[in-house]
Amino acid sequence: MRLSLYLLCLLSLVTTPRLLAQTLLQGTVLDAQTQAPVPFASVGVAGKPLGTVADEQGRFRFTIPTDLAEPVVVSCVGYQSATRPAATLQAAGQVVRLRSSGVSLAAVTVRPGKVKTKTFGRTSSSTLMGASMYTEAGLVSDALAKEQGTIIGIDKDCRLRDFNMHVAFNRFKSVKFRLNIYSVKAGLPDQPLLRQDVRFDVTQPRGWVRVDLSPYQVQLQGQREVAVTIQWLQSEAQEGTPKAFGVSAVLAPGHSILTRNKSQAAWQQKSGYLSFYLTADSYGASKAAPTTTVAAAYELPDSLRYLRYLAAPTLPNLTNPQHYGENLQAGHYVTVKGGRLYYERYGKGTPLLLLHGNGQSIAAFQRQIGELAQHFEVIAVDTRAQGRSQDHTTANFTYDLFAEDTRQLLDSLGLRQVDILGWSDGGNTALTLALRHPAYVRRLAVMGANLFPTPEAIEPNFLALLRRQLREEQRLPAPDLNRTRLLRLLLQEPQLTFAELQGVAAPTLVMAGQHDVILEAHTRALAKALPQSELIVFPNTTHYAPQEAPEAFNKSVLRFLQQR
């Protein structure tokens, strides 16, 4: 014990001089013409991951190693950057004045012919990984100014309407970001293209965030691709909640997540594809840059080919204009054991229950609900601990639990013999309900379902990705209980057999995408094991076929459910 204390004291003595060898830099950034503060100006040491972001009054403070020789660069959109020797910022009361860049707003360009509104980037909200960004509040030692983004291919002549990103998790009360758009050189951000400072706040815990760009008149010409990033400016933590923020992303060959810790640091790249996309009025028919698709310049092994389709930007612009999943006029709650389920009802006719996939919500069916409600009474439900539904338990999730929740919901509505459309996790729940409570099910349509979570059923690399995500979540100081349980559910459930499927009395439509993460051989075997089944594999689609090919998907579901 004495030896341990001695070594600890010795270590403190050794490291103390290093900790003290820091110099405090401070100052205020002002507009050179108006003398008004320049809020949230970026302050960084040239070529180093050192710096910060000024506050709303233009004030900044941060520390650097005492022996640092590189200058400090102060910058903000709409201003010329200023460079100062670090020594000039050591005394209190220092002022850095930025001159306006003198660039006027882009004129609105009017061209003859038809203008086409298009989307560029990844419009899927699926979260196979979290691209984390988080910071500790503080002026002297902080992670402010961290920047993260991706490269998006665009048409050569377009005017931006909006920027969209999908938040995987936000445990802050509020986070303020700056949107940056750069030209691209050698695969990395190069010159800034925005003329005005675009800032926006995120307060929601998860979901899509839209930033309206129409007031900024952003006209992009001659660019085949741009780097789109968000920069962390300010955050307000919630008391008793761990500080964490993540953007939805998937693993995708040919795509990179770009990060840098400070405004003057070098860019770093790691594999992944962020859920960022731009909506724009396109004036030309130029092809988007190769970076918007996973190029076939190299041959992927069979086990990774499905990633090509996960990464392809073929999904539509899922902006949910009907507000499915958040339409409180159509919404209701029902209490179940250990939780509370949220559901929405649309249309009239035979009851049709919609069950979404892991980590999603009612909004996942936004391209199905309107059409199905013309023929059925659609009951779309948020599964326990997802969407607006609540969970008050701590035990592992199971499909038996989700099936029991569904039974309690149907009991509360006085319903039996309903049709069920289940996607992914929802398909697994639907099959479980049909086995455990057959009196509740008339017909089944399942998309991307599986009987067990092994490499014989699910793409092996996808399973490996889920295991890595679970390990990363569990290493957090305060892991998200629901996210941990949902990941564990994918890796541990269901545990059904082909023989058990003989007990499913309801006619069943089995569906999957040609490039689904559920292996086609498993999907075919599942369909074959059911007493009454049809099989459809949608060509050139993935696990997200309901969003990728909604017309074919909806037509197939309606045809099957309306059979005598």
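The values are calculated or read from the model by the stated rules, or taken from the named source; none is laboratory data. Keep in mind that this is a model prediction, so the values were computed, not measured. As a convention, Cβ positions derive from the backbone with ideal geometry for all residues, glycine included, and neighbour counts pool all protein chains shown.
Considering only strands (runs of 3 or more DSSP E) fully contained in the stretch 321-370, which possess at least 2 residues that are surrounded by fewer than 18 Cβ atoms within 10 Å (Cβ to Cβ)?
331-336, 339-346
Go through the stretch 505-519 and report how many residues are under 16 Å from Ala457 (Cβ atoms) and assigned to a strand (DSSP E or B).
Filtering the stretch 505-519 down to residues under 16 Å from Ala457 (Cβ atoms) leaves 510-513, 515-519.
If we keep only those that are assigned to a strand (DSSP E or B) too, we end up with 510-513, 518.
Residues flagged as under 16 Å from Ala457 (Cβ atoms) and assigned to a strand (DSSP E or B) within the stretch 505-519 amount to 5.
Against the conditions (1) modelled with pLDDT of 90 or more; (2) under 28 Å from Phe200 (Cβ atoms), where does Gly78 fall short? Just the number, please.
It fails just one condition, (1).
Considering only the stretch 47-89, how many residues are exposed (fewer than 15 other Cβ atoms within 10 Å of the Cβ) and part of a loop (DSSP other than H, G, I, E, B)?
8
Are there any pairs, at least 6 apart or on different chains, whose C-beta atoms fall under 9 Å, with the first in the stretch 481-500 and within 21 Å of Glu456 (Cα to Cα) and modelled with pLDDT of 95 or more and the second of a type in the set (Gly, Ala, Ser) and crowded, with 19+ Cβ neighbours inside 10 Å, and if so, which?
As it stands, the answer is Pro494/Ala449, since those pairs meet every condition given.
Quick test for you: out of Gln238, Gln204, pick the one residue that is at pLDDT below 85 and either surrounded by 14 or more Cβ atoms within 10 Å (Cβ to Cβ) or not β-branched (Val, Ile, Thr) (or both).
From the options Gln238, Gln204, the qualifying one is Gln238.
Out of the residues in the stretch 482-504 meeting the condition of being in contact with a Phe, Trp or Tyr (Cβ under 8 Å, 6 or more places away or on another chain) and part of a helix (DSSP H, G or I), tell me which one is surrounded by the fewest Cβ atoms within 10 Å (Cβ to Cβ).
Here the residue is Arg488.
Search the stretch 371-417 for residues being part of a helix (DSSP H, G or I) and small (Gly, Ala, Ser), and hand back the single one that is farthest from the chain's Cα centre (by Cα).
Ser412
Results for (1) touching a helix residue (DSSP H, G or I) at 6+ places or on another chain (Cβ under 9 Å); (2) buried (at least 19 other Cβ atoms within 10 Å of the Cβ); (3) outside any strand (DSSP E or B); (4) not aromatic (Phe, Trp, Tyr), shown as yes or no for each residue.
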{"residue": "Val175", "(1), (2), (3), (4)": "no, yes, no, yes"}
{"residue": "Ile181", "(1), (2), (3), (4)": "no, yes, no, yes"}
{"residue": "Asp190", "(1), (2), (3), (4)": "no, no, no, yes"}
{"residue": "Leu194", "(1), (2), (3), (4)": "yes, no, yes, yes"}
{"residue": "Ala227", "(1), (2), (3), (4)": "no, yes, no, yes"}
{"residue": "Trp232", "(1), (2), (3), (4)": "no, yes, no, no"}
{"residue": "Val247", "(1), (2), (3), (4)": "no, yes, no, yes"}
{"residue": "Leu258", "(1), (2), (3), (4)": "no, yes, no, yes"}
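Does Ile420 satisfy the criteria of being outside any loop (DSSP other than H, G, I, E, B), closer than 22 Å to Gln495 by Cα and hydrophobic (A, V, I, L, M, F, W, C)? Write out each step before concluding.
Numbers: outside any loop (DSSP other than H, G, I, E, B): yes; closer than 22 Å to Gln495 by Cα: yes; hydrophobic (A, V, I, L, M, F, W, C): yes.
When the stated conditions are applied, Ile420 passes them.
In the stretch 207-223, which residues are crowded, with 18+ Cβ neighbours inside 10 Å and in a loop (DSSP other than H, G, I, E, B)?
Selection gives Leu213, Val218, Gln223.
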